[in-house]
1. So for the chain, averaging the separation of alpha carbon pairs under 8 Å that are six or more residues apart and normalising by length, what relative contact order in percent results?
2. Could you give me the percent of Cα pairs per 10 Å distance bin for the chain, shortest bin first, beginning at zero and ending with the bin that holds the maximum distance?
3. In which sequence would HIS245, HIS351 go, from the one with the fewest C-beta neighbours within 10 Å to the one with the most?
4. Between PHE240 and VAL66, what is the label-to-label distance in nm when each label sits 7 Å out along the Cα-to-Cβ direction?
5. Local charge sum around LYS319 (other residues, Cβ-Cβ under 15 Å, Lys/Arg +1, Asp/Glu -1)?
6. Over the range 249-373, what is the relative contact order in whole percent, taking alpha-carbon pairs under 8 Å and six or more residues apart?
7. Between the range 294-319 and the range 83-130, how far is it from one alpha carbon centroid to the other, in angstrom?
8. If each DSSP helix of 4+ residues adds -39,500 (n - 2.57) and the sum is divided by the residues in the chain, what number results at 222 nm, nearest 500 deg cm²/dmol?
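Rule-based calculations on the coordinates, nothing more; no lab input. All figures in this text were calculated on a predicted structure; none of them were measured in a lab. Cβ placement follows ideal geometry from the backbone for every residue including glycine, while neighbour counts extend to all protein chains displayed.
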Amino acid sequence: MIWTEQCSVPTYSQLTNNNYVKTGLDVLIEKNFEPLKGKKIAFLTNFAGRTRDGKSSVEVFQNTNVCQLIKIFTPEHGFYTTVPAGEHVSDDKIGNTSVVSLYGSKRKPSVSDLSDCDAVVIDIQDIGIRSYTYISSVYKMLEACAENNKQVFILDRPNPLGGLIVDGNVLEKGKESFIGIIPVTYIHGCTIGELTNMLNEEGWLSQDSTVQPKKCNLTIIKTENWKRWMQWEDTGLRWFPTSPHIQSPDAVRGAAVLGIWGELSLFSIGIGTTLPFQYCGAPDFKSLEIANEINSQNLYGVNLYPTKYRPFYGMYNGKDCEGLLLKFTPNNLFMPYRFGIKLALAIRKYHPNIFKKSFSSQAQSMFIKATGTDELLRAFMENKSDDEIISISQNGLDNFISLRKKYLLYE
């Protein structure tokens, strides 16, 4: 079920000059929590769950008497989004409300976690990248709610990369993990509401005792006035960090370009600098040659600038790196995953031994999980041609674009 209100379509000048986009949370507040009236609510959210004027979603729920907030669930990075990637997140309290971590001793709510609630509300700012684990936490929550007959309400939010950019290969069957749990492209161009509707209707939740896919009682409270062409800067919404290294929309774009390469530690991707995912390099990096190679291709959405930088933690901690600064321009023709592949190919051209090193089994495993295929790493290690590698990086793209059409909630 999709719950929304009719609204007039703004003119282009209104779209660009007014902060008019409303998240699902804002819509719910305007309707005085009508769909949740009288219900005991468990809430999956974090610090980035905010109204358009910056008020915490938890504060909003704690202050209403229309429904009762009884519990909060948090994903990776904890409620305040400050716990580093992969680190254990402990249970906590916010005021008098218990906080249950879904990135500590468990990834999925237990029967007892859900026993005292009537419904679960999810308000998570995703970043539009398949390997970002918020999708997986939502998946596990839907699965638990299907098993325990709990209704789920999704408070939808804009995708910061917009709704038009779809890029990268589809995650292959058998390659599912917590950093890639559903068969979508690496850059999927969907909101969290669209993704949850898709995975619920396509039967992607695990099977029940009758070997049928589980299905959740799902209601999506849509955003208002968001259009697919909008990137984050077009929405007028404030950006709140979703994790320690995703401090801005440009960090999202950088993660879409560079994130997979961090799994192999081939070169620094700016972690440990003031611009994570916006630098790449190494002490012996041929930055000028690589920048010229990429910039000459006139690719959309990003330019590379040769520079030097010094990480203060992480790879090359305390060492000066020759590198590249990635400067982004919001553009719906930007293909970040493909750009990252082309960047790696340019790096291979000027550092021909970079993929000949011995990678640990853990690094290889994480790269395969992040990319959703073992073909891509094998192709680089076997020195396949640029065209072959680019083709592998787009496997399943056209089929996914066709599939997603029936689940798009916004024009």
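1. So the answer I get is 17 percent.
2. 5, 22, 32, 25, 13, 3, 0
3. On the way: HIS245 23, HIS351 18.
Least crowded to most crowded, the residues run HIS351, HIS245.
4. 1.9
5. Charge balance near LYS319 sits at -1.
6. Over the range 249-373, the number comes to 28 percent.
7. 35
8. Calculated mean residue ellipticity at 222 nm is -8000 deg cm²/dmol.
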